[in-house]
Amino acid sequence: MNNLAKTTAYLNRCSKCGSCQAVCPLYGETKTEPYVARGKLFLLKSHLEGKLPLSSKMKEIMSLCLLCKACVEQCPNSIPVDRMILAARQEIAREKSISFVKKNIFQHLLKNNGRLTLAAQLGYFYQRAGLQWLVRKSRILEVFRGELAQKEHLLPKMAKHPFRKQVPRLFTCSRPKLRVAYYTGCLTNFVYHATGYAVINVLRNHELEVLIPEQWCCGIPALAGGDEKTAIELARKNIDVFQKAGVDVVITDCASCGSMLKEYADLVETPEARAFAAKVLDFSQFLSEAVSFHAGENEIPGLVTYHDPCHLKRGQGVSGAPRKLIKMVPGLAFKEMKESDRCCGAAGSFNLTYHNLATKIGRRKVQNIQQTCADLVITGCPSCIMQLRHVLELEKSPVRVLHLAELLSMTYPSRKANKERGANKTKSRRGRC
Ligand code: SF4
Ligand code: SF4
């Protein structure tokens, strides 16, 4: 029996109450019933009853989901809609196969760190050798269909070398309280080095030994794209390397990676996978629960708000820890935004595939940010950071977006993390209204 067929019992649980409609960001923008959980479940039920084939339209509808779990949280019948959509995508991938591009990304890039690094470096040279300037200036991408020009603007600045090649493999201290492994995630490794330096800076201010072993993509892009086999292969590689490292805890700065690493227990179903998953903690969760966090003395004047990444709040049940840590930053005022846990539209590569729709979803988030008058937004997912910065830029907003680790790191005496980001820029800022 395939994974989709195993979900039949859940399909029968849907009472069509429509509670999912009120919280679905896709429905909020499109008002289209097949995009909401209830509509998708109806289509899947029809398919399993033999009334509907897995057509191209069905494929498109199943790919139109942010996997944000808002419907799961809202559903009175506890239907794991996101898991069912993933099962449907796997089934579609089996029947219709994965696209050539995705297959190559999942099976040839993600599984091979050398090729992945090369691809990231090509991106770097495209941006730095004047090619990106030329492409944008000539507006050549506007002749192509499929929002290509807008998608190109989403590309963040790539780093020249991977973060893991820039830092030592091991940071020791004389009497470590704990031995911690740092799972950096691909965006920190290839794009957001400032986040990586900040994580290390904060950890080193807490008498911890930090190990950064060789590691692989967590597998979430492959799983979300219907390629469960590749996701399992990547999971096995990571479990093996982190279990051999003999650490007490595995922390990550990426909400999506963190929720995936915790899912390894169910995905791989071995005692090693369960032991590994039990050690995984989000950066904020670790500081809040496993060590006694203390901020540094640097004051950070200003007004800040917080965006809950879906994979942190609903994926891992972590929402109090980051707020608690933010409120410990000297000099900083905190204001909650409306709908702080509504998806920003990033959703892995959703914003690349469906750029216009993702931007509409992002604009609602940006409006909520702007209503707080904050000059700084903190979050815990590099993918959200990319999307929020992109939409804020489209809206010509001066609001800055930082990872929680960057904010906390700025409170300590300056190290490389603070230099990279230009901490004094934030020091002089206050609320904007
Ligand atoms: S909230 Fe749950 S039970 Fe109600 S319509 Fe949506 S999926 Fe069905
Ligand atoms: S997971 Fe999110 S985007 Fe997908 S159907 Fe549920 S609420 Fe809508």
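Here, each number is a calculation from the coordinates, and none is a lab measurement. Just so it is clear, the model here is predicted, and its values are computed rather than measured. All Cβ positions, glycine included, derive from the backbone under ideal geometry; neighbour counts span all protein chains shown.
The table that follows gives values for the structure above.
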| quantity | calculated |
| --- | --- |
| Formal net charge of residues neighbouring E95 (Cβ-Cβ distance under 13 Å; K, R +1; D, E -1) | +3 |
| 5 angstrom amide H check on L376, placed H, neighbours 5+ away | L303, T305, R400 |
| DSSP bridge orientation in the chain - percent antiparallel, rounded to nearest 5 | 10 percent |
| Exposure proxy ranking, count of Cβ atoms within 10 Å, fewest first, for I92, I378, I61 | I61, I92, I378 |
| Most mobile of S349, S174, S55 in a GNM of the chain (Cα contacts under 10 Å) | S174 |
| Tilt relative to the chain, helix 228-244 - C-alpha long axis, 0 to 90 degrees, to 10 | 30 degrees |
| Ranked list, fewest to most other Cβ atoms within 10 Å of each Cβ, for D308, D82, D240 | D240, D82, D308 |
| Directionally averaged shadow of the chain, computed from the convex hull of its alpha-carbon atoms, nm² | 20.8 nm² |
| Unit charges on C-beta of K, R, D, E only; dipole of the chain, Debye | 880 debye |
| Top positive-direction residue, dipole computed over the chain with Cβ charges, set T252, N77, G123 | G123 |
| Kirkwood Rh, Cα atoms: Rg over Rh of region 5-96 | 0.93 |
| Residues D253, D375, sorted so that the one with the fewest Cβ neighbours within 10 Å comes first | D375, D253 |
| Per-residue ³J(HN,Hα) for region 158-167, Karplus 6.51 cos²θ - 1.76 cosθ + 1.60, θ = phi - 60°, Hz, x for Gly and Pro | 7, 7, 5, 10, x, 4, 5, 8, 9, 10 |
| Per-residue HN-Hα couplings for region 309-322 [Karplus 6.51, -1.76, 1.60; θ = phi - 60°; Hz; x = Gly/Pro] | x, 4, 6, 9, 6, 8, x, 10, x, 10, 9, x, 4, x |
| Listed pairs K177/K327; K45/K96; K102/K160; K16/K69; K69/K396; K59/K237 exceeding 22 Å between Cα atoms | K177/K327; K102/K160; K69/K396; K59/K237 |
| From phi via Karplus (6.51, -1.76, 1.60), per-residue ³J(HN,Hα) for region 266-275 in Hz, x at Gly/Pro | 7, 6, 9, 6, 10, x, 5, 5, 5, 5 |
| 11 Å beta-carbon shell around C173, net charge (K/R +1, D/E -1) | +2 |
